[in-house]
1. Mind checking which residues of the range 45-76 are over 17 Å from the mean Cα position of the chain (by Cα), without any contact (Cβ under 8 Å) to a residue 60 or more places away in the chain, buried (at least 17 other Cβ atoms within 10 Å of the Cβ) and more than 30 Å from residue 114 (Cα to Cα)?
2. Among the residues of the range 159-191, write down those that are more than 23 Å from the chain's Cα centre (by Cα), in a helix (DSSP H, G or I) and surrounded by 12 or more Cβ atoms within 10 Å (Cβ to Cβ).
3. Pairs needed: first member in the range 127-147, at positive phi and at pLDDT 85 or above; second member anywhere, surrounded by 12 or more Cβ atoms within 10 Å (Cβ to Cβ) and part of a helix (DSSP H, G or I); C-beta distance under 8 Å; at least 6 residues apart or different chains.
4. Among the numbered criteria (1) free of Cβ contacts under 8 Å to residues at least 24 places away in the same chain; (2) part of a helix (DSSP H, G or I); (3) more than 19 Å from the chain's Cα centre (by Cα), which one does residue 2 miss?
5. Any residue in the range 11-24 that is over 16 Å from residue 92 (Cα atoms) sitting within a Cβ distance under 6 Å of a residue that is buried (at least 17 other Cβ atoms within 10 Å of the Cβ)? List the pairs, counting only those 6 or more apart or interchain.
6. For the range 111-129, enumerate the residues that are part of a loop (DSSP other than H, G, I, E, B) and crowded, with 16+ Cβ neighbours inside 10 Å.
7. What residue, among those in the range 77-110 that are in contact (Cβ under 8 Å) with a residue 60 or more places away in the chain and within 15 Å of residue 169 (Cα to Cα), is surrounded by the fewest Cβ atoms within 10 Å (Cβ to Cβ)?
């Protein structure tokens, strides 16, 4: 098996550009997905079934359907509905965020419900309202327990961002496929892409492990 490093060098600027977009898509998905996931998770644990129902339906849909299908629906349906045209990067961010938020919502729900109910009762007895008790008492304790599953979801999001290449968003996998199509090669483009994804996931894992140890020792 011959391995042509020259085509990797030729595509290096494009792979770098794609890697930066992959990181950008991931960061946007993490930020938007976390905020939305918190809101959806809080909505799901509402005691009012009418309020909880749409949030439960949201989670069921996005966890029960393939991310690839969601990307295509957003790109060819949702984005044109509001903008009149397609935008691969915007569609990628929206689809990744919506999908991630459904999983993050379940992480928040599980983390919040793992805290003893006496904590909420104690906070309320001190004069805090429900929102204050959540903000200052429940969520800080729950967050420590949520770091490992949140970290796993963020790592999955890095890898799932590769699916955005099917709508021609010029991220890492897009340029890997372009390299393979131009030279009719397999090993060079896909091994290179795999190696870069591995570096990204290992870097994020290292950061999350440091963050987890910091919170555990506090």
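1. Across the range 45-76, there are no qualifying residues.
2. Quick first cut of the range 159-191, residues more than 23 Å from the chain's Cα centre (by Cα) only: 178-189, 191.
Then keep just the ones that are in a helix (DSSP H, G or I); that gives 178-183, 187-189, 191.
Correct list: 178, 179, 180, 182, 183, 187, 188, 189, 191.
3. Close Cβ pairs (under 8 Å, with a partner that is surrounded by 12 or more Cβ atoms within 10 Å (Cβ to Cβ) and part of a helix (DSSP H, G or I)) do not exist here.
4. (2) is the only condition that residue 2 fails.
5. From the range 11-24, the pairs are 11/179; 14/175; 15/175.
6. Start the filter on the range 111-129 by keeping residues that are part of a loop (DSSP other than H, G, I, E, B), which leaves 114-116, 126-129.
Answer for the range 111-129, where residues must be part of a loop (DSSP other than H, G, I, E, B) and crowded, with 16+ Cβ neighbours inside 10 Å: 115, 128.
7. At the first step, the residues of the range 77-110 found to be in contact (Cβ under 8 Å) with a residue 60 or more places away in the chain are 86, 88-89, 91-93, 95-109.
This time we only want the ones that are within 15 Å of residue 169 (Cα to Cα), so: 86, 88-89, 91-93, 95-96.
Working: 86: 15, 88: 19, 89: 17, 91: 25, 92: 28, 93: 24, 95: 29, 96: 26.
My answer is 86.
The values are calculated or read from the model by the stated rules, or taken from the named source; none is laboratory data. Not measured: the values here are computed from a predicted model. A quick note on method: Cβ atoms are made from the backbone with ideal geometry, for glycine too, and the neighbour counts reach across all protein chains shown.
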